[in-house]
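Some notes on the structure that comes next.
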């Protein structure tokens, strides 16, 4: 459920962690958060990243694109059902 009301930062952080845990599980959610807790020195940190081949990078990009397409399709389907239900109930 997406809301447009502004939340205070603490409430937003709690909701974000809850959503991450629900979507990824506790361990993967923590791993995800750790990706953003670097020192900000990418030049230094990039040497700590595991080496990736071009094929691995492209496979990751295709995986993310497919996941996003699935999410968009599910949202469109939900919107269509909601719209159809509203049309039928208002008549």
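No value in this document is a laboratory result; all are computed from the given coordinates. Just so it is clear, the model here is predicted, and its values are computed rather than measured.
Miscellaneous remarks
- The calculated 222 nm mean residue ellipticity attributable to helices in the chain amounts to -24000 deg cm²/dmol, summing -39500 (n - 2.57) over DSSP H runs of n ≥ 4 and dividing by all residues.
- Per-bin percent of Cα-Cα distances, segment 52-91 [5 Å]: 5, 23, 13, 14, 10, 9, 9, 6, 6, 3, 2, 1
- Whole-angstrom Cα spans of the chain along principal axes, big to small: 63, 37, 22
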